[in-house]
Every structure is written in C-alpha cells, then in structure tokens.
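Read-outs throughout are calculated quantities, based only on the coordinates presented, and are distinct from any laboratory measurement. Here the structure is a predicted model, which is why all the values come from computation and not from measurement. FYI the Cβ positions are ideal-geometry reconstructions off the backbone, even for glycines, and counts take in every protein chain you see.
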Amino acid sequence: MDNRILAIIPAYNEEKSIKHVIENIKDTVSGILVIDDGSSDNTTNYAKEAGAEVITFPENQGKGNAMRKGYEYFVNSDYDISIIFDADGQYRKEDIIPTCNPILENTADLVVGSRFIGKYQDNANVNYKTRIMCNNISTTVTRMMSKLPTTDSQSGLVAMSRIAASKLDLKAKRWGIHQELIIRAGKKGLKYCEVPIIFEKRMHGVSRLKVMKYPFTAFPVMLKAWIRN
C-alpha cells in the first residue's frame, strides 16, 4: 500500500487486551502508536512487546489528551492517514481499510465508522438502551453544530488525513473529543462521510465511560468547539 496508515490506540489499563489488538491489526496498518494514559498495569510493556511504538503518560490525563497527543505525533510524521482504534477489542480490523478508503479515494478528509448504519453484535454494550439514548442526544447536537450528517458521534473508529488533523485545533482533555472532531471538521469545511461497521463485545472488563456524567464533560467541549473559529 502506497498510502501509509497509522493506527493510534489510546489505552488505559488494557493489559488483558492490548497485545491481542496490536497483533491482530499489524498486517492491516503501516504503524501502530499506543498512547498509554497513565496505566497502573502492564499496558506499556505488553504494547512494546507486541511491536507498537508507545508514548506513556506519567498519570491519567484523559482520552482527549491521549488522542490529541496521537494526532500531534501523526501531523509530524510521514504517515498519510491515521485511524483511531480503541484498545478494548470491540472494533474489527476488517473495518479499518473500508473506513480509510474514502480518504484514499480523495472523497473525504474525515471518516467515522458508524455502528448505527452498521451493526451492534449481541452483548456488545452494557446498559444498551441508556447508552444509545445518550449517544442519540449527543449525535443530534453534534449534527446541528457541525452541519455534517453524523449518525454516531461517539464512535471509536475514526480515520483522518494528515492535512485534516493539522487544521482541527482540538482542545478536549477527557470526554467529548469524538464530538469535537466532527464539529471542528464542520467548522473548517472538511469533507466528511461515514461507513458502516460492526461493533463487537468487549474482550475484558467494562467501559469506563460514565453515562450519566458524560454530558457534563462532553457538552462544554462541544460548545467551545462550535463557538471558536
């Protein structure tokens, strides 16, 4: 493949899944960068053993900071496309190339792998109805703010060109980073599209996203992303 794809994996205490995730996608991407967000387990060591490059935060700083660090690395690299890929094993390597293809074909600058035009596998999410309701609300607001046709503003599978990544001026520190990406893309006039993906059951543990607290963190980030130029 002429176009080089960098997988950016934010990770926090994912020692039980990180090696499998890295080894599973090695043959699909050109490089893998793990951002260890202050883990207290062996996430960094296992990621390095699996062959990934790792940036380790000394303490937990939040997913927003982890993704921003990954994009900073990407913008200053020779990779052409980055794809955010969560460390919990719920996203499939088979969806990486289809998510990157619109960028490869120059029809999009930012591509989101949407679970809502795709499919949730059985037992893929706990508190399913509550999470879907919250995602629908944040997606509706994101769609209004960005003026982009998003159906899944919290997807953890997001592809972006290097030029696009250099334009977004992201500020999120913790939650809200995924909505901020879409809102900023709309503000900057970037080409956006979605592709259907399949969302699988988490390999280990439970999601750290606190459904009832999420709006209080995400919505201020979204509002600020919408207000600034």
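Taking the Cα centre of the chain as origin and assigning +1 to Lys and Arg Cβ atoms and -1 to Asp and Glu Cβ atoms, the resulting dipole is close to 1120 debye.
Residues whose amide H lies under 5 Å from that of I117, counting only those 5 or more places away or on a different chain, are I197; hydrogens are built 1.01 Å from N in the peptide plane. Quick one: what does P(r) look like for the stretch 1-74 with 5 Å bins over all Cα pairs, in whole %? Using 5 Å bins, I get a P(r) of 3, 19, 29, 24, 16, 5, 2, 0 for the stretch 1-74. Sorting the segments 168-176, 101-109, 80-88 by their mean number of nearby beta carbons within 10 angstrom, highest to lowest, gives 80-88, 168-176, 101-109. Rounded to the nearest whole Hz, the Karplus-based 3J(HN,Hα) values (6.51 cos²θ - 1.76 cosθ + 1.60, θ = phi - 60°) of the stretch 33-39 follow the sequence 10, 9, 9, 7, 8, x, 4, with x at glycine and proline. Exposure proxy shown here: for I227, I137, I177, the number of other Cβ atoms within 10 Å sets the order, fewest to most, as I227, I137, I177. Remark: for residue pairs K191/K224; K63/K188; K19/K188; K19/K191; K93/K224, the C-alpha separation exceeds 26 Å in K19/K188; K19/K191; K93/K224. A Förster radius of 25 Å, combined with the Cβ-Cβ distance separating K224 from E105, puts the computed FRET efficiency at roughly 0.15. Within the chain, the percentage of alpha carbon pairs spaced more than 27 angstrom apart rounds to 26%. Computed over the alpha-carbon atoms, the stretch 45-98 gives an Rg to Rh ratio of 0.96, Rh here being the Kirkwood radius from the mean inverse distance. Across the options A47, N3, Q90, the greatest Cα extent toward the positive end of the charge dipole of the chain (unit charges at beta carbon of Lys, Arg, Asp, Glu) belongs to Q90.
Which order, highest average first, do 184-193, 51-60, 146-155 follow once you tally other Cβ atoms within 10 Å for each residue and take the mean per peptide?
Most protected by this proxy first, the peptides run 146-155, 184-193, 51-60.
For the stretch 60-65, 3J(HN,Hα) computed residue by residue from phi via the Karplus equation (6.51, -1.76, 1.60; θ = phi - 60°) reads 5, 10, x, 5, x, 5 Hz, glycine and proline entered as x. In plain terms, the residue of H20, H178 with the fewest other Cβ atoms within 10 Å comes first and the most crowded comes last, giving H20, H178.
Counting neighbouring beta carbons within 10 Å and listing from fewest to most, the residues V75, V112 come out as V75, V112.
Considering only G62, F216, S114, the residue lying farthest towards the positive end of the dipole of the chain is F216, judged by Cα position with unit charges set on Cβ. Mean-square fluctuations from a GNM of the chain, with a 10 angstrom spring cutoff on Cα atoms, peak among I117, I32, I183 at I117.
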